[in-house]
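> The structure that follows is given in the form of structure tokens.
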Amino acid sequence: DVSSSRRKSRKAHFTAPSSVRRKIMSSPLAKDLRTKYSVRSLPIRKDDEVRIVRGKYKDREGKVTQVYRKKWVIYVDRVQRDKSNGASVPIGIHPSKVVITTIKLDKDRRAILDRKDRSKSVKPAGDVEMADVRSFSRFL
């Protein structure tokens, strides 16, 4: 069973193990990739190239340098700020606030794309038969 309790949902989210965080830390694909692969989003990965679409760093593009699952953020190259001592530190960005513009493809990633491909799983609309709603009134 899945609880609809806010308290339990938040606890499950913030104490999620790394394997579950990978799935939660997914990013949408750019429009051209979405049409090419028929996939809406993917778990973000280290060498993907992304464009930031929200916040102070909006419209910046770069390669993902690190996926920090413990902090729920990704680091994008050249998105950083200078500290008072002169050192520069990367700024963490939540993966939902970026779009993936280039995918780092290997055999595992390609298998994920093939499995998630919506164009293969969607049935043609011609085979659908309309049911008479009155016959289902006992379920309403």
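> Work out, step by step, the length gained on full extension between Lys58 and Ser26: first 0.36 nm times the residue separation, then minus their alpha carbon distance; give nm to one decimal.
Length difference between fully extended and current span is 9.7 nm.
> Please report, as a whole percent, how much of the solvent-accessible surface of segment 1-74 comes from carbon and sulfur atoms (probe radius 1.4 Å).
Percent of accessible area from carbon and sulfur atoms in segment 1-74: 48.
> How many nm separate the modelled label positions at Lys120 and Lys36, each set 7 Å beyond the Cα in the direction of the Cβ?
Label-label distance for Lys120 and Lys36, simple model: 1.8 nm.
> Continuing with the same structure: Give, rounded to the nearest 20 debye, the magnitude of the charge dipole that the chain has about its Cα centre when Lys and Arg contribute +1 at Cβ and Asp and Glu contribute -1 at Cβ.
With only Lys, Arg, Asp and Glu charged at Cβ, the dipole is about 680 debye.
> Choose one answer from Lys56, Lys70, Lys104: the residue with the largest mean-square fluctuation in a GNM of the chain with alpha-carbon springs under 10 Å.
Top of the fluctuation ranking is Lys56.
> Something else about it: How much length, in nm to one decimal, is gained on full extension between Ser9 and Thr101, taken as 0.36 nm per residue of separation minus their Cα-Cα distance?
30.0 nm
> Kirkwood-based Rg over Rh for segment 1-93 (C-alpha set), two decimals?
1.04
> Relative contact order of the chain, please, whole-number percent, based on alpha carbon pairs below 8 angstrom and at least 6 residues apart.
Taking the mean separation of contacting Cα pairs over the length of the chain, I get 23 percent.
> Taking the alpha carbon gyration tensor of segment 15-60, what are the square roots of 5 times its eigenvalues, largest first, to the nearest whole Å?
Largest first, segment 15-60 gives 20, 16, 9 Å.
> For segment 61-104, what's the relative contact order in percent, using C-alpha pairs closer than 8 Å and at least 6 residues apart?
The normalised contact order for segment 61-104 reaches 29 percent.
> Using a basic spin-label model with each label point 7 Å from the Cα along Cα→Cβ, how many nm lie between His94 and Asp1?
For His94 paired with Asp1, the spin-label model returns 3.0 nm.
> Around Pro43, what is the net charge, scoring Lys/Arg as +1 and Asp/Glu as -1 over all other residues with Cβ under 9 Å from its Cβ?
+3
> Packing-wise, with mean Cβ within 10 Å as the measure, how do 38-45, 91-98, 80-87 rank, highest first?
The most tightly packed comes first, giving 91-98, 38-45, 80-87.
> Lysines near Lys120 by alpha-carbon distance under 30 Å, same-chain residues fewer than 8 away left out - which ones?
Candidates past the 8-residue exclusion: Lys23, Lys31, Lys36, Lys46, Lys97, Lys104, Lys107.
> In terms of modelled amide H atoms, which long-range or inter-chain residues lie less than 5 Å from the amide H of Gln80?
Counting only residues 5 or more places away or on other chains, the set is Ile91.
> Roughly how many Å² of Asp47 are accessible to a 1.4 Å probe, to the nearest 10?
Near enough 60 Å² of accessible area.
> If you count only protein heavy atoms with a 1.4 Å probe, what accessible area per residue comes out for the chain, rounded to a whole Å²?
In whole numbers, the chain has 76 Å² accessible per residue.
The values are calculated or read from the model by the stated rules, or taken from the named source; none is laboratory data. Just so it is clear, the structure is predicted and the values come from calculations on it, not from any experiment. Every residue, glycine among them, receives a Cβ derived from its backbone with ideal geometry; neighbour counts consider all protein chains shown. Quick note on the areas: whole protein, heavy atoms, side chains included, nothing else; ligands and nucleic acids left out. Shrake-Rupley method; radii C 1.70, N 1.55, O 1.52, S 1.80 Å.
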